[in-house]
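Chemist: I am attaching a structure below and will ask some questions about it afterwards.
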Amino acid sequence: MKYENVISGHFLSRPNRFIAQVEISGKEETCHVMNTGRMKELLLPGAEVFLCAAKNPERKTKFDLIGVRRSDGEIINIDSIAPNKVAGEYIKTLFPDAKLIKPETFFEKSRFDFYIEDNRDKIFLEVKGVTLNIDGEARFPDAPTERGAKHLYELIEAKKKGYRACVLFVLAMKGCSSFAANSLTDPKFSKALTDAKNAGVEVFAVDCKVFADEIFADAPVPVRFSE
């Protein structure tokens with residue numbers, strides 16, 4: 001996934017989940033934050049951030065905040081739209097024989113990120129973006145998410161109906177040796193992920209190479225499940 005017209009600035013503050021104050025070329029700007037997660041360990045005063053100019057010139061905020069440089073120099077992509085686009089590019093690696101790839105597809109009353117068909121299976125794939133790194137392990141979520149657990153139980157139902165059911169965690173960063181559910185922050189999601197695995201839902205994680213103006217899937221990451 002490639003961005004156009006990316007500029008850099010420095011993070012100042014985040015008045016609410018949706019906006020941030022950023023210094024750009026010596027001027028303070030109000031920017032739209034492309035992720036409602038907490039990201040308190042990333043959005044620190046003075047941190048270098050990366051922004052795209054809004055395509056709509058009439059919009060109140062002129063820029064979208066899409067990335068931040070961590071204290072170790074690594075860039076983390078925080079655009080919540082990016083994981084699905086990265087996954088769309090990565091699907092052929094996960095499912096080499098895919099002959100049909102359809103985004104945003106309903107199953108009963110649920111809507112999953114992708115529906116895929118190959119010569120053997122009908123597959124539902126749900127995608128989750130990950131930005132949290134705790135001591136070298138990627139974790140999701142960084143805030144409680146009832147919706148996230150709901151998606152996993154919906155995948156279990158799809159599996160019971162004969163579909164191949166999968167979830168892909170897209171780590172919008174490098175530097176993590178494993179992935180696990182963030183059980184301290186959201187024990188219900190952690191249990192749901194373990195329940196899904198035990199029910200036959202396939203759980204994948206992949207890290208990404210991230211640049212100021214680009215992100216793409218790189219290498220599979222092992223998934224660790226809580227007992």
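Chemist: Identify all residues within the range 136-149 that are charged (D, E, K, R) and modelled with pLDDT of 95 or more; write none if there are none.
Modeler: GLU137, ARG139
Chemist: Looking only at strands (runs of 3 or more DSSP E) that fall completely inside the range 61-122, which ones have 2 or more residues that are modelled with pLDDT of 95 or more and among the aliphatic types (A, V, I, L, M)?
Modeler: Numbers: elements: 63-69, 75-77, 100-107, 110-117.
Filter on the range 61-122 gives 63-69, 75-77, 100-107.
Chemist: Hey, among PHE189, PHE204, PHE211, which residue is of a type in the set (Phe, Trp, Tyr), crowded, with 22+ Cβ neighbours inside 10 Å and at pLDDT 95 or above? Can you show your working first?
Modeler: Working: PHE204 fails: crowded, with 22+ Cβ neighbours inside 10 Å; PHE211 fails: crowded, with 22+ Cβ neighbours inside 10 Å.
Result of the check over PHE189, PHE204, PHE211: PHE189.
Chemist: Can GLU126 be described as in a strand (DSSP E or B) and among the acidic types (Asp, Glu)?
Modeler: On the way: in a strand (DSSP E or B): yes; among the acidic types (Asp, Glu): yes.
Against the criterion (in a strand (DSSP E or B) and among the acidic types (Asp, Glu)), GLU126 qualifies.
Chemist: Could you grab me the full set of residues in the range 178-203 that are over 20 Å from LYS160 (Cβ atoms) and in a strand (DSSP E or B)? Break it down into steps so the answer makes sense when it comes.
Modeler: Step one: filter the range 178-203 for residues over 20 Å from LYS160 (Cβ atoms), giving 178-190.
Answer for the range 178-203, where residues must be over 20 Å from LYS160 (Cβ atoms) and in a strand (DSSP E or B): SER178, PHE179, ALA180, ALA181.
The values are calculated or read from the model by the stated rules, or taken from the named source; none is laboratory data. Since the model is a prediction, treat every value here as computed from it, not as a measurement. Reconstructed Cβ throughout: ideal geometry from the backbone, glycine too, with neighbour counts over all protein chains shown.
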